[in-house]
1. Name the single residue, out of those in the range B:164-178 being within 16 Å of ligand 2 (Cβ to nearest atom) and of a type in the set (S, T, N, Q), that is least open to solvent (accessible area, probe 1.4 Å).
2. Here are the criteria: (1) within 30 Å of A:Arg12 (Cα to Cα); (2) more than 13 Å from ligand 1 (Cβ to nearest atom); (3) within 14 Å of chain A (Cβ to nearest Cβ). Tell me which single one B:Ser77 does not satisfy.
3. Please verify whether B:Val22 is under 21 Å from B:Arg214 (Cα atoms) and modelled with pLDDT under 95, treating the condition exactly as stated.
4. Across the range B:193-205, what is the number of residues that are within 16 Å of ligand 2 (Cβ to nearest atom) and open to solvent by 10 Å² or more (accessible area, probe 1.4 Å)?
5. From the list B:Ala159, B:Ala155, B:Ala169, B:Ala222, pick out the single residue that is within 14 Å of chain A (Cβ to nearest Cβ) and within 16 Å of ligand 1 (Cβ to nearest atom).
6. Quick check: is even one residue across the range A:136-147 touching a helix residue (DSSP H, G or I) at 6+ places or on another chain (Cβ under 8 Å) and assigned to a strand (DSSP E or B)?
Amino acid sequence: MPVRLLLQLSRRNLLRHRRRTFMLLLAISVAVSGVTFMNSLIRGFQHDMREAVVVNMTGDIKVLAPGYRDDPSIENSFVLADGWAPDLPVDLVDGWAARIKVPAVILSERETRGIQLVGVDPASERISFIGSVSYAGEPLASPEDARLLVGKALAEQLQTAVGRRLVIMTQGSDGLNREAGFRIAGIYDADGTGLEKAFVFTGVSALQRLLDAKVVTEVSIRLREEGSSAAEGFSARGRLMDYFTGLDVLRWQELEPQAAAMFAFADSAIFIWFLIMMGALIFGLVNTLITSVMERVREFGMLRALGMRPGSVVVQVVLESTLVMALGVLIGLGIGSLLVGWLADGIDLSAWAEGVELAGMRSLLVPRLLPGDLLLVALMSLVFGVLASLYPAWRAVKVKPLEALRR
Amino acid sequence: MNGLVVNCRGVTRIYSDDAVPVQALRGVDFGVRTGEFVSLSGPSGSGKSTLLNIIGGLDRPTAGSVEVDGVDLGTLSESQLSDLRLRKMGFVFQAYNLIPVLSALENVEFIMQLQGVPAAQRHERAQRMLSELGIGDLLDRRPGELSGGQQQRVAIARAIVTNPVLLLADEPSANLDSATTEDLLQTLRHLNELHGVTIITATHDPMVMQIARRQVKLRDGAIVEDSAALDASAAGA
Ligand SMILES: Nc1ncnc2c1ncn2[C@@H]1O[C@H](COP(=O)(O)OP(=O)(O)OP(=O)(O)O)[C@@H](O)[C@H]1O
Ligand SMILES: [Mg+2]
C-alpha cells in the first residue's frame, strides 16, 4: 500500500479546505481540552476524597479483631507482641500506628457528648490527620501522656479550654464502667468539624491502664502514594493477613464502602464525560467527512479507474480523519494541560464548603493531571476518529469508477 | 497466444437500471493487435464508450468474454481489475481527470507511485515525459492553473509514462480547439509509431479518426464497418 502517497493526498485535501479543517480542529480541541480539564477536576476530587478517608483514621489498610466492626468496643481487641513488625517492603509502606479506639462519653461542667476515644502513640500518628493539625495548647508527648487532645468544635460544645479537666466514662475490659478525670493538653483544628467532634485523643498506654488491658483495637497502615494502587494494596493486604492470622485485614475500600463507591463512580464519571463529549464530536466529524467524500465522488472514481485499489481509498479517508483527530487531540491536550497548570493553586470551593468539610475534605480543589488519563484520552480519541471515518470511507469505496466519471 | 492485445468475443452489454433495458452492445467480436492505432466511431449512443470501458476493465459485459494481454477479465476480482488497470492500461478521458491537489509533475508520477517505482526514477521519467510533450516548464502547477490543452497533455503523460500495454482514449479532443487537437494527434501518432503504443480511441472527431490507421464503425451496439477487415479482404483479393 502506497502509504506515503495516501498521506500526501490526505494532507493536501485537508489543506485544500482550510476553513472546514480549521472548524474540525477547533471542535476537536475544545472537546479534548474540556475532557482533559474535567478529568483533572474529577481526579483532584478523587484524590482529596481518598486522602480524607485514608488520612483521617482509616489508613490504606487496617487490622481489626474479627468482631470489632459490628461492636467497636474493648472486648473486640487484640494483643500485639513486643517488637511486632509485619514483613512489608519499606518502599511500599509509609508508616503504621497501633491504637485503641473505643466509644466513650465525655463530660464537662456544662455538657455531655458521645465520642470516639482514641489511644495513640503520638510518634506514629504522623500517618493520620492528627499528626498534621494545628493546636491551641500542645500535642501529646508520649504513649504515657494521660492528657487529652480535643477537637475545636467539641471544645466549643463542651465550653471548655486548654488546661481544664474533663471526665471520661467508658467500658473496661471486664465489662464494668471506668471513669476518670483528664486534663486537656491541646485543642486541635482539623479540616472538617466532623473529625473535631468525633475524635478525642490520649496516650495509648495511659488508656490501656484505664481499661485494664494491654491490648489494641486496630493497627492502621498507610501506604506510600505510589504503593497505593489496587494491585499493591492487595499484595500488602495478603502479607498482612499472613502475619496477623485470625484478625481482619481490610482495605479502606472495605472499611469505607460509601467513599469507595464514590471513588469508583468518579472513575466511571471520567468515561461518561468522555463519551458524551466524543459522541457530540463524532456526529459532526462523520457529517463533515461525508460531505467531503460526496464532493469528491468524481475524484475517487478517477483514482479507482487509474488503478487505485479499493482498500487504498478506504485508507485515504481514514487517514484524513485520523490526521485531523491527531492534530486536534494534540492541541486539545495542550490547552487542557495549560488550563490545569493555570489553576494549579486550586479552585476555592468555600462557597460550598460546608458540605465539603463535612465529608472531611479540604475546601480547595486542586486539579490533578494523570499521564495515564492523557494517554487514554489520546488513544480513545484516535480510535473514535477511525470509527467515525469508516462509514464515510465505505461511501467513498462504493463509488463505481464509471458512474463517477460519467458525472 | 494469437497476437491480440485485445480480444472481445460476443460482448453484450445491457443496461437494465432503467425501466426499459438498453442494449448498448450486441455480441461484438473485436480484436486488436499490438501496435495498432484504432479509432472507434459512430453515432452518439452507438456503444463506443461502453466498448472502450469494457476493454479497460471499468465495466463488465453482460455476456461474452474479454481478454487483455492474454488475461480473461471475467475471472478477475475488483482488486485484481484495479491492478490490471494500474499495470497494463493507460486512460485518457474526455474531462482530463487530473488529481486537483497534486501538481502536474505529481499527477504524472501518481501511477508510478502506486506501482511502487522508486522516487528518483519516477521523478526523472515524469519530468522527461512532460518535456517531451512540451510542458516541461509547468511542472509545479496544479491542474486548476493549467489550460485545457495543457491538462490534457498532463493526462496523456500520466497515461503513457508507465509504458502501458494499451492506451484507451475516450473523446480525447472533445474539449480542445483544433490547433490543440492537432498537437494532441501528433503526440498520439508519435507514441504509436515511435514507441509502438497500442491505442484505441472512441471519437466523433474526424481529425482523430483520420489519424488512426484502422477505422471501426459502430451502430446500435454492433460493428458495421472495420477497415482492418477491408484490408484483409483486399490483401486476400
Ligand atoms: N450507465 C448507463 N445506464 C444506462 N444506459 C446507458 C449507460 N451508459 C450508456 N448507456 C446507454 O447505452 C448506449 C450506448 O452508450 P455509449 O455511451 O456507449 O455510447 P457512445 O457511442 O459512447 O455515445 P457518445 O458518442 O454520445 O459518447 C446508449 O443508448 C446509452 O444511453
Ligand atoms: Mg461515448
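1. B:Ser173
2. Condition (1) is where B:Ser77 drops out.
3. On the way: under 21 Å from B:Arg214 (Cα atoms): no; modelled with pLDDT under 95: yes.
Spelling it out, it is not the case that B:Val22 is under 21 Å from B:Arg214 (Cα atoms) and modelled with pLDDT under 95.
4. Within the range B:193-205, the first condition is being within 16 Å of ligand 2 (Cβ to nearest atom), and the residues that meet it are B:200-205.
With open to solvent by 10 Å² or more (accessible area, probe 1.4 Å) added as a condition, the list becomes B:204-205.
Of the residues in that region, 2 qualify.
5. Details: B:Ala159 fails: within 16 Å of ligand 1 (Cβ to nearest atom); B:Ala155 fails: within 16 Å of ligand 1 (Cβ to nearest atom); B:Ala222 fails: within 14 Å of chain A (Cβ to nearest Cβ).
Matching residue, one of B:Ala159, B:Ala155, B:Ala169, B:Ala222: B:Ala169.
6. Filtering the range A:136-147 down to residues touching a helix residue (DSSP H, G or I) at 6+ places or on another chain (Cβ under 8 Å) leaves A:136, A:139-146.
After this cut, where a residue has to be assigned to a strand (DSSP E or B) as well, the list is A:136.
Taking every residue of the range A:136-147 in turn, at least one turns out to be touching a helix residue (DSSP H, G or I) at 6+ places or on another chain (Cβ under 8 Å) and assigned to a strand (DSSP E or B).
Matching residues to (1) touching a residue at least 40 places away in the same chain (Cβ under 8 Å); (2) away from chain B (no Cβ under 14 Å); (3) within 16 Å of ligand 2 (Cβ to nearest atom):
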| site | (1), (2), (3) |
| --- | --- |
| A:Leu364 | no, yes, no |
| A:Arg368 | yes, yes, no |
| A:Asp373 | yes, yes, no |
| A:Val377 | yes, yes, no |
| A:Leu382 | yes, yes, no |
| A:Pro392 | yes, yes, no |
| A:Arg395 | yes, yes, no |
| A:Lys400 | yes, no, no |
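Yes/no matrix, rows are residues, columns are (1) over 20 Å from A:Val54 (Cβ atoms); (2) in the same structural domain as A:Asp71 (by TED's automatic domain parsing); (3) modelled with pLDDT of 85 or more; (4) of a type in the set (A, V, I, L, M):
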position: A:Leu176; (1), (2), (3), (4): yes, yes, yes, yes
position: A:Phe182; (1), (2), (3), (4): yes, yes, yes, no
position: A:Ala185; (1), (2), (3), (4): yes, yes, yes, yes
position: A:Glu196; (1), (2), (3), (4): no, yes, yes, no
position: A:Val219; (1), (2), (3), (4): no, yes, yes, yes
position: A:Ala231; (1), (2), (3), (4): no, yes, no, yes
position: A:Leu275; (1), (2), (3), (4): yes, no, yes, yes
position: A:Met278; (1), (2), (3), (4): yes, no, yes, yes
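The values are calculated or read from the model by the stated rules, or taken from the named source; none is laboratory data. No experiment lies behind these values; they were computed from the predicted model shown. Cβ atoms come from the backbone with ideal geometry, glycine included; neighbour counts cover every protein chain shown. SASA here: full protein model, heavy atoms, side chains in, ligands and nucleic acids out. Shrake-Rupley method; radii C 1.70, N 1.55, O 1.52, S 1.80 Å.
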